[in-house]
């Protein structure tokens, strides 16, 4: 059976985590018995990889999404699949047109994935970042059109879509279509566990890995480090922070915060890293920082891909959101408040030292990741929910 995983995702360093997720899901679909084609764009080329490959050029200087959706529409008219899996930021009439083309070409099952739910808050928030009254008015008008397109087209979604996978807040339906809350996964075999550190006197090093920074909430950690540094008792461990990634547009403000808090010598900027380079950095740190800023997007629940990677690497981590897989008694994960409060470093230090004292925690964390976070397990649940599973040995 053939499956089309249609995305309009840009292949760029800023979105490396998203690309890894898409490729992980593709690999899982293949392991589950499908011949898979998937799409991404880069520069001025929209490319379809896998079972039914294709490259199409477009004009990247104007109306990118309109051009991409038109290419996808024509592609699905000409190529037949049993399952269409759509990753969408929102619903639109262009998306409905694509679904209609797929149905007309005998697609049996259509599944929509929404990576950030609820998502309209993100669009509305763009208004406040406009710098002048004129740009604010223009932005507000564009947002109004976007919201209207989503709300009106969404009413017809159930005519074409069989199931929806929501990443974010809990819901069992989406515009009248049955919905399940998705979970992020990883390729477990691609991540080697980091060595366990049992030295209670060693400095504690935080690791943050992200493209976009503002909703990761790393500033909460920096403020906590600054307060701790001012009052650090003699003999207590020093705190360091390593940042991998970071959107170029946000980095000046982030660096300015580091300087303002007196942490210039305590924060290391590594740029974007992947593969062996990233795994080598994992070996030098003590605690990962998953998202601490979900509240900034109006989210209470999150399924952080980075937390899954930390878990596979047996690296203890911090998080600040609801995650059904993580309980208050999870020994390798410390849950913090989902708000703008400064991170209590004494609480974090106690957590890290507890993990250092108990070498069995690392093994428990790795086994937990193998059981809960492998993409094949997660995508099998999605296909079963959509009633689109292939019967294979």
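A few remarks follow.
- Scanning segment 10-18 for any residue that is surrounded by fewer than 16 Cβ atoms within 10 Å (Cβ to Cβ), in a helix (DSSP H, G or I) and within 25 Å of the chain's Cα centre (by Cα) turns up at least one such residue.
- In segment 258-292, the residues that are surrounded by 16 or more Cβ atoms within 10 Å (Cβ to Cβ) and farther than 22 Å from residue 316 by Cα: 258, 261, 263
Rundown of residues vs (1) assigned by TED's automatic domain parsing to the domain that holds residue 221; (2) under 19 Å from the mean Cα position of the chain (by Cα); (3) over 26 Å from residue 211 (Cβ atoms); (4) surrounded by 14 or more Cβ atoms within 10 Å (Cβ to Cβ), yes/no style:
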position	(1), (2), (3), (4)
315	yes, yes, no, yes
324	yes, yes, no, no
355	yes, no, yes, yes
362	yes, no, yes, yes
365	yes, no, no, yes
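- Condition met for residue 350 (surrounded by 23 or more Cβ atoms within 10 Å (Cβ to Cβ) and more than 19 Å from the chain's Cα centre (by Cα)): no
- Complete set of residues in segment 98-112 that are out of contact with any helix residue (DSSP H, G or I) (no Cβ under 6 Å at 6 or more places or on another chain) and closer than 18 Å to residue 164 by Cβ: 99, 100, 103, 107, 108, 112
- Subset of segment 162-208 [part of a loop (DSSP other than H, G, I, E, B), modelled with pLDDT of 95 or more and closer than 26 Å to residue 27 by Cβ]: 162
- Pairs with Cβ under 7 Å, 6+ apart, first in segment 365-393 and over 24 Å from residue 3 (Cα atoms), second at pLDDT 95 or above and not in a helix (DSSP H, G or I): 365/314; 365/332; 366/314
- Meeting the requirement of 2 or more residues that are at pLDDT 95 or above and surrounded by 13 or more Cβ atoms within 10 Å (Cβ to Cβ), the helices (runs of 4 or more DSSP H) wholly within segment 55-138 are 64-78, 93-104.
- Among the candidates 177, 143, 138, 147, residue that is more than 30 Å from residue 280 (Cα to Cα) and in contact with a strand residue (DSSP E or B) (Cβ under 7 Å, 6 or more places away or on another chain): 177
- Within segment 147-180, the set of residues being on the phi > 0 side of the Ramachandran plot, surrounded by fewer than 19 Cβ atoms within 10 Å (Cβ to Cβ) and in contact (Cβ under 8 Å) with a residue 40 or more places away in the chain comprises 175 only.
- The listed residue being over 20 Å from residue 226 (Cα atoms) and without any contact (Cβ under 8 Å) to a residue 60 or more places away in the chain, out of 339, 247, 259, 280: 280
- Residue in segment 215-228 that is at pLDDT below 90 and in contact with a helix residue (DSSP H, G or I) (Cβ under 8 Å, 6 or more places away or on another chain) present: yes
- Test: residue 339 is touching a helix residue (DSSP H, G or I) at 6+ places or on another chain (Cβ under 9 Å) and surrounded by fewer than 19 Cβ atoms within 10 Å (Cβ to Cβ): yes
The values are calculated or read from the model by the stated rules, or taken from the named source; none is laboratory data. Just so it is clear, the structure is predicted and the values come from calculations on it, not from any experiment. When we count neighbours, we look across all protein chains shown, and the Cβ atoms used for this are built from the backbone with ideal geometry, even at glycine.
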